[in-house]
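K.L.:
There's a structure below that I have some questions on.
The values are calculated or read from the model by the stated rules, or taken from the named source; none is laboratory data. What you see is a predicted model, and the numbers here were worked out from it, not measured in a lab. So basically every Cβ, Gly included, is an ideal-geometry build from the backbone, and we count neighbours across all protein chains shown. These accessible areas exclude ligands, DNA and RNA; they are computed on the full protein's heavy atoms, side chains included. Shrake-Rupley method; radii C 1.70, N 1.55, O 1.52, S 1.80 Å.
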Amino acid sequence: VSSRNEQREIQAGILQALGIPFVEGEEQQTFAASVQARQAGEKTYYVADGAGVAFPYAGSGLWGPINGIVALNPDLSTLKGVTILHQEETPGLGSRITEQAYLDTFRGKDFTSGLKLTPPGKAKAANEIDAITGATLSPKAFLNILNANLRGTVPAIREGEKQ
C-alpha cells in the first residue's frame, strides 16, 4: 500500500509543480490524462503538453534529505514550480522552505546561471531567491540541491526533447 501512496504523492507533486489542477483522490486519473513519463539516459522526467517539464530532485538538507519535484516552463530555462515531498529541517525555522508562499518565489526564476540566495527582501535579479529570516542554512542547502539537480538533469532533458 505504501508504494501506491508514494506514487500518488509523487504524481500529485508533479501536477502541483506543473500547475495542473486536480481533485484530491483523482491524482492518478489527472496525471494519466495530462502527463507523459519520458527517459533521458538514466533520468525519468515528465512532460505535460504546453505546461512544461517536471522531474524529481533529491539531496542533503541541513538536517536530512530533501526531495520533491521541480517543474520547468517549456523554455527549459525558467522555473514553473517547486514542490517538497520530504524534508527534515527544523520545525518553524528551516521547515519554512515548505511554505507555499516561499515556494511561490521560485516561479519564473531563471536557473541557467544557477539560483542565488540573497538576504530576505533583496532578491532582484532573475535568478535570485530571498533567504528566510532566522533560517538561512536550510534555504541555502535547498538551493544547492536544486542547482545540482538542474545542472545534472536539464541538459539530458534538452537532448531528449530534441528527438
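K.L.:
If Ile66 passes every condition in (1) out of contact with any Asp or Glu (no Cβ under 6 Å at 6 or more places or on another chain); (2) without any contact (Cβ under 8 Å) to a residue 60 or more places away in the chain; (3) closer than 23 Å to Gly134 by Cβ; (4) open to solvent by less than 50 Å² (accessible area, probe 1.4 Å) but one, which one does it miss?
P.N.:
The one condition Ile66 does not meet is (2).
K.L.:
Would you check if Glu161 is under 20 Å from Arg38 (Cα atoms) and open to solvent by 50 Å² or more (accessible area, probe 1.4 Å)?
P.N.:
yes
K.L.:
Return the pair list, or none, for Cβ contacts closer than 6 Å from residues in the range 1-20 that are over 16 Å from Thr44 (Cα atoms) to residues that are hydroxyl-bearing (Ser, Thr, Tyr) and surrounded by 15 or more Cβ atoms within 10 Å (Cβ to Cβ), at least 6 apart or on different chains.
P.N.:
Every condition considered, the pairs that remain are Gln16/Thr83; Ile20/Ser34.
K.L.:
For the range 69-96, what are the residues that are open to solvent by 20 Å² or more (accessible area, probe 1.4 Å), at pLDDT 95 or above, touching a helix residue (DSSP H, G or I) at 6+ places or on another chain (Cβ under 8 Å) and among the β-branched types (Val, Ile, Thr)?
P.N.:
Ile84 - this is the single residue of the range 69-96 that is open to solvent by 20 Å² or more (accessible area, probe 1.4 Å), at pLDDT 95 or above, touching a helix residue (DSSP H, G or I) at 6+ places or on another chain (Cβ under 8 Å) and among the β-branched types (Val, Ile, Thr).
K.L.:
Okay, next question. Looking only at the range 21-37, how many residues end up being open to solvent by less than 80 Å² (accessible area, probe 1.4 Å) and over 19 Å from Asn5 (Cα atoms)?
P.N.:
1
K.L.:
Right, here's the next one. Examine the range 68-84 for a residue that is within 19 Å of Asp104 (Cβ to Cβ) and of a type in the set (Lys, Arg), and state whether such a residue exists.
P.N.:
yes
K.L.:
Looking at Leu76, Leu103, Leu93, which is the one that is in contact with a strand residue (DSSP E or B) (Cβ under 8 Å, 6 or more places away or on another chain), in contact (Cβ under 8 Å) with a residue 60 or more places away in the chain and of a type in the set (A, V, I, L, M)?
P.N.:
None of the other options fit; the residue is Leu76.
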